[in-house]
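Worksheet for the structure shown next.
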Ligand SMILES: *Cc1c(COP(=O)(O)O)cnc(C)c1O
């Protein structure tokens, strides 16, 4: 058997190794240190934002963003239904209730028309959501011109969950901007399967340094500047370690190459599978450029002759890791009692959607093997 082909494994290089060893040898092993400061500086520069705060995970970043926006018990927060559970979990950590908004077909991200309708409905009822957490799915920005306009009309804050979209661009009313720079606060993840990884970690960014400074304070147990450990707020233990920040700095240097490789994978799959009946790809929306973090396709079972699940199992058979598109949050038992606006688009994307191996170190032979399985099953 050839080696297993993973969905999106870590892809490390010599700089990461050298920086990690340097951090270890310097004995800056404890939570903070010079690599954390440097990673924040370099990351903020890359994302074109004023400031960044390095954290232990993307989920921690989402939680802190909501806490800083004053989200608490009894509040409602709108978010995309088609996402990873971390987005909705963070809303519940803040004590609030998530309400889910369906996807649009152009980007698979939050439908701006449905969001506007939902906001109008809540305004009529006299209680607006405290925030909207917009997810940039699979490496692609949502339609921020329309989403930000809808939220501005009602004065509702926008948090951007850019965990999957580091390196993506959005070209709109605000110019050509990085994913994560569109909302009031943006959050990234360096989890093991993301486009770059620190094995685990996250980054909270904002053009308003008050948010990143506050995040830094809350993430270190809200310790007041006093030698005797003075506490006036509830804090969290959410900071990134200096060792992992060193890895992150190395990964950031090769991010451009990683984006290039993922986009090349996507282009290969598109050309290799374009002619198959009933196979279509996640579209790249005209308002930006996607990193193609994961290449996702849709299977029309009538035309293709097999279901998405049959294709997934054919991959399992060959020891190839392919995964269904995220199961929408409004279909998850844990969020069954939450409100949802729409839902049929995300449900269909889930039923028919499959994410193909998309790692930045895939070889041409591996790409061909993945494509061959999809080809062999087609009608
Ligand atoms: C990965 C991911 C997160 C969570 O990031 P962690 O660093 O794993 O906590 C949040 N939202 C989305 C959409 C993700 O894909």
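The values are calculated or read from the model by the stated rules, or taken from the named source; none is laboratory data. Note that the coordinates shown come from a computational prediction; the quantities given were computed from them, not determined experimentally. Ideal geometry is used to build each Cβ from the backbone, glycine not excepted, and the neighbour counts take in all protein chains shown.
Laid out as a table, the results:
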item	result
Residue within the range 126-137 that is in the same structural domain as residue 190 (by TED's automatic domain parsing), within 16 Å of the ligand (Cβ to nearest atom) and assigned to a helix (DSSP H, G or I) present	yes
Only listed residue being out of contact with any helix residue (DSSP H, G or I) (no Cβ under 9 Å at 6 or more places or on another chain) and buried (at least 19 other Cβ atoms within 10 Å of the Cβ), chosen from 311, 349, 294	349
For residue 193: the one exception among (1) free of Cβ contacts under 8 Å to residues at least 40 places away in the same chain; (2) in the same structural domain as residue 87 (by TED's automatic domain parsing); (3) part of a loop (DSSP other than H, G, I, E, B)	(1)
Set 262, 216: member being within 16 Å of the ligand (Cβ to nearest atom) and either in a helix (DSSP H, G or I) or not assigned by TED's automatic domain parsing to the domain that holds residue 137 (or both)	262
Selection from the range 185-208 of residues that are surrounded by fewer than 24 Cβ atoms within 10 Å (Cβ to Cβ) and more than 8 Å from the ligand (Cβ to nearest atom)	192, 197, 199, 207, 208
Residue count for the range 151-163, restricted to those that are more than 11 Å from the chain's Cα centre (by Cα) and within 12 Å of the ligand (Cβ to nearest atom)	1
Selected residue (only one of 244, 240 is crowded, with 21+ Cβ neighbours inside 10 Å and either out of contact with any strand residue (DSSP E or B) (no Cβ under 6 Å at 6 or more places or on another chain) or not assigned by TED's automatic domain parsing to the domain that holds residue 66 (or both))	244
Test for residue 167: is it at positive phi and buried (at least 24 other Cβ atoms within 10 Å of the Cβ)	yes
Residue that is assigned to a helix (DSSP H, G or I) and either in contact with a strand residue (DSSP E or B) (Cβ under 6 Å, 6 or more places away or on another chain) or away from the ligand (no atom under 11 Å from the Cβ) (or both), where the choices are 182, 166, 148	148
Close pairs from the range 83-95: first touching a residue at least 60 places away in the same chain (Cβ under 8 Å) and within 20 Å of residue 324 (Cα to Cα), partner within 8 Å of the ligand (Cβ to nearest atom) and assigned to a helix (DSSP H, G or I), Cβ under 9 Å, at least 6 apart	83/137; 86/58; 86/59; 86/62; 87/59; 87/62
